[in-house]
Amino acid sequence: MSTTEAKRTNNGAIEDLDVIVVGAGFAGLYLLDRLRSMGMEVQVFEAGDGLGGVWYWNCYPGARVDSPGPIYQYSRDDLWRKWQFSELYPSWQELRDYFRYVDEKLGLSRDIRFNRRVNEAQFDPAHNHWIVRSSDGSVASARYLVLCTGLSAKPYIPDLPGLGDFAGERHHTALWPQHGLDMVAKRVGVIGTGASGVQVAQEAAGVAAHLTVFQRTPNLALPMRQRKLDEDTIRRMKEKYPEMFDRRTKTFAGFDYDVLAKSALEVSDDERQATFERLWEIGGFAPWIGSFNDILLNEEANRAAYKFWRDKTRARINDPAVAEILAPTEPIHPFGVKRPSLEQNFYEIFNQPNVKLVDLRSTPIERVTSSGIKTAAREYELDILVLATGFDAVTGGLTSIDIRGTQGETLKEKWAKGVRAHLGMAVAGFPNLLFVYGPQSPNAFCNGPTCAEVQGDWVARLLDYLRQRNLTRVEATVSAEETWRAHVLAVADTTLFPRADSWYLGANIPGKRREMLIFAGGLPAYIAKCNENAERGYEGFAIS
Ligand SMILES: Cc1cc2nc3c(=O)[nH]c(=O)nc-3n(C[C@H](O)[C@H](O)[C@H](O)COP(=O)(O)OP(=O)(O)OC[C@H]3O[C@@H](n4cnc5c(N)ncnc54)[C@H](O)[C@@H]3O)c2cc1C
């Protein structure tokens, strides 16, 4: 593979590259730098007008990360030494600053084509390369196509009757106007109480004339314990960064803490309660993925965690009827099997006179009108309608590209019969196509930058292996992807995750096949499988 300038063929319309990476978030940028430093000719194609992936699109009020900032960054010491977040859980604005900083340091933008949405990709078996067509009319080819499109590239907008009739401002949180939107003194409605719904509701409650939150399923949200990071704190934290980054590949979810080596059922009631209290005070995801090792596996252990969460939460809500909707006496689904959000004052906002909670289970939306929302009970007048309705997550971004492999079938058609992706990174019938943070990898159960580096390194190592041997084609075998699929589903069946209709299972999208889309065996087990695979000469891949 050459490192010369991009080649031009025929009329100059086709750029022929070693690798096309799609997506300029953590994963795509990591791979750009990694592969470029291996001497490969790489370009990143990005649909957005800027860097940062989800942090480019999700610029709604209150958008911020639920991973602590120190761990939500690249682990390279030449990057972290000169960078600091000002808050423990940085906002989208600060994350964008971070990406600008990384760009300045690594000179990434020169190899990124912004405003270029990849629409089609076709494998050409005669030349073992991909032909890629994009929204700007460009056509490019590359030996390898690496999709770093993330898990939330396809916002989900429910098919609500009359949605188009609404005369006010209406935006999905992930398609928020880049120039912002003023909610001051407005009547704001938020549909959905997932992570984005919680965050935008907290902001709106502080400035809007009136906020109406439409909830279908309670979010079992956990206290964020946000705080400013002063110079001294940062200096002390940085002393531990090398240890922290080392540890994040050794824990279940790519953080610097892990599940406890204890069952909730093997300890006394007092010890269980004291542990729950301790984790609650730490905040963040500690009460979820830093808790007893059977919370997500055993119904009784889970029930104890739910009860603790419920009682803590209800104590913050004045009206018992509102408390019952937000934190029901009986759980609607087990604790933690839908992604808990981190909140700052989410429950207190419902004590404010300008905030109203609408329970869509008892009073569903009948239609959107020109002036608001009509439920089975009444109509709510709105100036701004916020659709915090989530994503066709994990697979939606990939299947919305018309990707055709060697069997004439698109990825979407293939996965309609069930997702198959060997190690969560490669698919039979789609040679030289790899993806990062994709289905059947730890994706949503793994801190984003951790996964970007782990999977990015594996991809880079594979491409180097091929280059060293003058090989030009790599493809997962059918039997390998079947085995991996069976493993992913079997692991899921040992957990309580299948017990909720979550996006982890695609169950939030009408008509989408309901199956676990994430490897729930933990990052260390995943890394071990990937390493073992590489060390055995890429078992389960046909290479030529
Ligand atoms: C609001 C929100 C909050 C989150 N908070 C956390 C958190 O606290 N902790 C955590 O670990 N993870 C979080 N995540 C998950 C997040 O996806 C990862 O942290 C991380 O951003 C993944 O990086 P990525 O590079 O894989 O994908 P992304 O950041 O999603 O980037 C993918 C990029 O691909 C581009 N793209 C997609 N399709 C195409 C196409 N066809 N053509 C061209 N470009 C395309 C997109 O425009 C996007 O820029 C959050 C996600 C969201 C939406």
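Using packing as a proxy for protection, rank 60-71, 217-228, 76-87, 435-446 so that the peptide with the highest average count of other Cβ atoms within 10 Å comes first. Walk me through the numbers before you get to the answer.
Numbers: 60-71: 22.1, 217-228: 18.8, 76-87: 14.5, 435-446: 26.0.
The peptides rank, most packed first, as 435-446, 60-71, 217-228, 76-87.
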- request: In whole Hz, with x marking every Gly and Pro, tabulate ³J(HN,Hα) for the stretch 290-306 from phi via Karplus 6.51 cos²θ - 1.76 cosθ + 1.60, θ = phi - 60°.
  value: x, 9, 4, 6, 10, 4, 9, 10, 10, 4, 5, 4, 4, 4, 5, 5, 4
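Given Cα pairs under 8 Å that are at least 6 residues apart, what percent is the relative contact order of the chain? Please list the in-between numbers first.
Values: 1110 pairs, mean separation 102.3, N = 544.
It rounds to 19 percent for the chain.
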- request: Calculate how steeply helix 523-535 sits against the longest principal axis of the alpha-carbon atoms of the chain, using the helix alpha-carbon long axis, and give the answer as 0 to 90 degrees to the nearest 10.
  value: 10 degrees
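Over the stretch 42-103, what is the relative contact order in whole percent, taking alpha-carbon pairs under 8 Å and six or more residues apart?
Values: 48 pairs, mean separation 25.9, N = 62.
Reported as a whole number, the value is 42 percent.
In what sequence do ASP383, ASP269 fall when counting other Cβ within 10 Å, fewest first? All intermediate terms of the calculation are to be shown ahead of the outcome.
On the way: ASP383 18, ASP269 8.
So the residues, fewest neighbours to most, are ASP269, ASP383.
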message: Quick check: Cα centre of the stretch 448-497 to Cα centre of the stretch 262-333, how many Å?
response: 35 Å
task: Please list 238-251, 400-413, 506-519 highest first by mean number of surrounding beta-carbon atoms within 10 Å per residue.
output: 506-519, 400-413, 238-251
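Full extension from ALA321 to VAL139: what is 0.36 nm times the residue separation minus their Cα-Cα distance, to one decimal in nm? Each step should come with its number before you reach the end.
Working: separation 182, 0.36 × 182 = 65.52 nm, distance 5.79 nm.
Full extension from ALA321 to VAL139 adds 59.7 nm.
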Interchain or long-range residues, amide H under 5 Å from LEU342's placed H: LEU222
statement: By the C-alpha gyration tensor axes a ≥ b ≥ c (rounded if a/c is under 1.5, else prolate when a/b exceeds b/c, else oblate), the shape of the chain is prolate
Integer Hz, Karplus 6.51/-1.76/1.60 couplings in order for the stretch 46-57, x for Gly and Pro: 10, 5, x, 9, x, 7, x, x, 4, 7, 7, 7
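Can you tell me the mean projection area, over all orientations, of the convex hull of the stretch 281-320's alpha carbons? Units nm², please. Working shown, then result.
Working: hull surface 13.0 nm².
Result: a mean projected hull area of 3.3 nm².
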message: Could you give each residue of the stretch 349-354 its phi-based ³J(HN,Hα) in whole Hz, using Karplus coefficients 6.51, -1.76, 1.60 with θ = phi - 60°, and x for Gly or Pro?
response: 4, 6, 8, 7, x, 8
Under-5 Å amide H pairs with ILE403, H placed in peptide plane, nonlocal only: ALA121, LEU411, LYS412
query: Once the Cα atoms of helix 269-282 and of the chain are each reduced to a long axis, what angle between those two axes, in degrees from 0 to 90 to the nearest 10, is obtained?
result: 70 degrees
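Starting with the highest mean, order 139-147, 529-537 by the number of other Cβ atoms within 10 Å, averaged over the residues of each peptide.
Details: 139-147: 23.6, 529-537: 13.8.
Taking the mean over residues of other Cβ atoms within 10 Å, the ranking is 139-147, 529-537.
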- prompt: Based on the Kirkwood radius over alpha-carbon pairs, what is the Stokes-Einstein translational diffusion coefficient of the stretch 65-121 at 20 °C with 1.002 mPa s viscosity, in µm²/s?
  reply: 166 µm²/s
- prompt: Is the stretch 182-313 best put as rounded, prolate or oblate by its Cα gyration tensor, with a ≥ b ≥ c the root eigenvalues, rounded for a/c under 1.5, and otherwise prolate when a/b is larger than b/c, oblate when not?
  reply: oblate
message: Rounded, prolate or oblate, given the Cα gyration tensor of the stretch 43-90, with a/c below 1.5 counting as rounded?
response: oblate
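List the relative contact order of the stretch 51-153 as a percent without decimals, with contacts defined as Cα pairs under 8 Å and 6+ residues apart.
Numbers: 100 pairs, mean separation 22.4, N = 103.
Relative contact order here is 22 percent.
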- prompt: Once amide H atoms are placed 1.01 Å from N in the peptide plane, what residues at a sequence separation of 5 or more from LEU296, or on another chain, have their amide H within under 5 Å of its amide H?
  reply: none
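Take the Cα gyration tensor of the stretch 472-544, multiply each eigenvalue by 5, square-root it, and list the three semi-axes largest first, rounded to whole angstrom. Let's see the in-between values first.
On the way: eigenvalues 151, 48, 17 Å².
Result for the stretch 472-544: semi-axes of 28, 15, 9 Å.
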query: Which percent, nearest 5, of DSSP beta bridges in the stretch 1-156 are antiparallel?
result: 50 percent
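To the nearest 0.05, how large is the calculated FRET efficiency for VAL267 and LYS238 if R₀ is 30 Å and r is the Cβ-Cβ distance? Don't jump to the answer; show the numbers that get you there.
On the way: r = 35 Å, r/R0 = 1.17.
In this case the efficiency is close to 0.30.
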statement: At the level of C-alpha centres, the distance separating the stretch 17-49 and the stretch 232-256, in angstrom, is 26 Å
message: For the pairs LYS312/LYS374; LYS262/LYS512; LYS82/LYS240; LYS262/LYS312, flag any whose C-alpha to C-alpha distance is greater than 26 Å.
response: LYS312/LYS374; LYS262/LYS512
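Pull out the extension gain between ARG100 and LEU489, defined as 0.36 nm times the separation in residues minus the alpha carbon to alpha carbon distance; nm, one decimal.
Working: separation 389, 0.36 × 389 = 140.04 nm, distance 3.90 nm.
Full extension of this stretch gives 136.1 nm more.
Rg/Rh for the stretch 115-201 to two decimals, with Rh computed the Kirkwood way over all alpha-carbon pairs. The partial results should precede the final answer.
On the way: Rg = 19.1 Å, Rh = 16.8 Å.
A ratio of 1.14.
Taking 45 Å as R0, compute the FRET efficiency from the Cβ-Cβ separation of GLU482 and HIS127 and round it to 0.05.
Details: r = 29 Å, r/R0 = 0.64.
E between GLU482 and HIS127, to the nearest 0.05, is 0.95.
Where a number appears in this text, it was derived from the coordinates with a stated rule and is not lab data. Keep in mind that this is a model prediction, so the values were computed, not measured. Cβ sites come from the backbone with ideal geometry, for glycine too, and all protein chains shown count toward neighbours.
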